[in-house]
């Protein structure tokens with residue numbers, strides 16, 4: 001088996017169907033497909049069972065989080081490579097083949113991502129060369145192989161053996177941040193992160209969280225960032241990072257409140273205010289304030 005594809009779904013039935021249709025379309029590799037459903041309420045499980053009997057379906061009774069769900073299937077994978085694929089993506093027909101060829105030709109690469117495009121065909125930003133808090137925490141990480149820090153978690157391919165050695169995703173990350181953490185752990189093991197321009201996926205983005213309030217979404221993402229800090233940076237670095245972010249958030253709150261009475265439509269300002277209030281609150285204890 002060349003590839004094991006793992007898709008974690010949560011209330012994305014229509015998108016998951018489109019994703020699976022693209023996965024099963026003329027890929028020049030041998031592969032198996034897992035879908036782990038995190039207790040969707042939109043009949044995802046029934047639809048997948050009916051339309052895609054070849055899918056190895058794991059239906060969780062509760063939402064166990066992105067990392068846990070991927071790891072559930074990872075333990076059953078038979079492929080030499082594992083592809084973590086979001087349900088709000090579609091895969092170009094030759095992409096899995098291109099990804100496999102790339103990984104075999106680049107043994108120093110432990111994990112890689114494809115070229116990611118938006119629904120309108122424009123390129124989506126899917127590569128990062130810095131980790132969260134990198135400006136202050138780079139020295140804590142030490143020298144790392146390669147120049148790419150992370151590729152977007154919407155689609156990642158990695159050696160199955162390496163993933164098993166690493167234990168898959170860190171399950172302390174419920175949603176968000178687990179892709180950055182995994183990429184960093186791959187580099188700490190001595191491998192580079194790669195980008196595969198010959199492979200293309202289309203990514204909608206944020207579909208499983210479309211009903212989440214903006215402030216709550218910010219809180220989820222920022223708590224994941226703080227978890228990344230605690231896991232990879234020294235306490236003195238974390239305090240410095242949080243002090244800087246807390247001070248910046250306070251200034252932003254002050255200026256937004258100052259400007260809001262003069263705005264005819266302050267919806268955007270309200271969302272920004274909620275964002276910086278979350279950051280101010282969450283950094284309180286860690287900053288020593």
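The values are calculated or read from the model by the stated rules, or taken from the named source; none is laboratory data. What you are looking at is a predicted structure, and each value in this text was computed from that prediction instead of being measured. Glycine gets a Cβ as well: all are built from the backbone with ideal geometry, and neighbour counts include every protein chain shown.
Yes or no, residue by residue, for (1) surrounded by 22 or more Cβ atoms within 10 Å (Cβ to Cβ); (2) under 29 Å from residue 229 (Cβ atoms):
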| residue | (1), (2) |
| --- | --- |
| 30 | no, no |
| 51 | no, no |
| 57 | no, no |
| 64 | no, yes |
| 86 | yes, yes |
| 100 | yes, no |
| 113 | yes, yes |
| 140 | no, yes |
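Are any residues in the stretch 6-48 within 11 Å of residue 87 (Cα to Cα) and in a strand (DSSP E or B), and if so, which ones? Of everything in the stretch 6-48, those that are within 11 Å of residue 87 (Cα to Cα) and in a strand (DSSP E or B) turn out to be 6, 7, 8, 9, 35, 36, 37. If the condition is being within 24 Å of residue 1 (Cα to Cα) and in contact with a helix residue (DSSP H, G or I) (Cβ under 7 Å, 6 or more places away or on another chain), then the stretch 163-181 contributes 163, 166, 168, 169.
For every residue, the table says whether it meets (1) under 26 Å from the mean Cα position of the chain (by Cα); (2) in the same structural domain as residue 134 (by TED's automatic domain parsing); (3) not in a helix (DSSP H, G or I).
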{"position": "220", "(1), (2), (3)": "yes, no, no"}
{"position": "247", "(1), (2), (3)": "no, no, no"}
{"position": "252", "(1), (2), (3)": "no, no, no"}
{"position": "265", "(1), (2), (3)": "no, no, yes"}
{"position": "279", "(1), (2), (3)": "yes, no, no"}
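Output yes when any residue across the stretch 4-23 is in the same structural domain as residue 200 (by TED's automatic domain parsing), more than 22 Å from residue 203 (Cα to Cα) and at pLDDT below 95, and no when none is. Among the residues of the stretch 4-23, not one is in the same structural domain as residue 200 (by TED's automatic domain parsing), more than 22 Å from residue 203 (Cα to Cα) and at pLDDT below 95, which makes the answer no.
For residue 124, state whether it is surrounded by fewer than 19 Cβ atoms within 10 Å (Cβ to Cβ) and modelled with pLDDT under 95. Steps first, please.
Values: surrounded by fewer than 19 Cβ atoms within 10 Å (Cβ to Cβ): yes; modelled with pLDDT under 95: no.
Spelling it out, it is not the case that residue 124 is surrounded by fewer than 19 Cβ atoms within 10 Å (Cβ to Cβ) and modelled with pLDDT under 95.
No other residue among 4, 9, 95, 44 is under 20 Å from the mean Cα position of the chain (by Cα), farther than 22 Å from residue 169 by Cα and buried (at least 22 other Cβ atoms within 10 Å of the Cβ) apart from 95.
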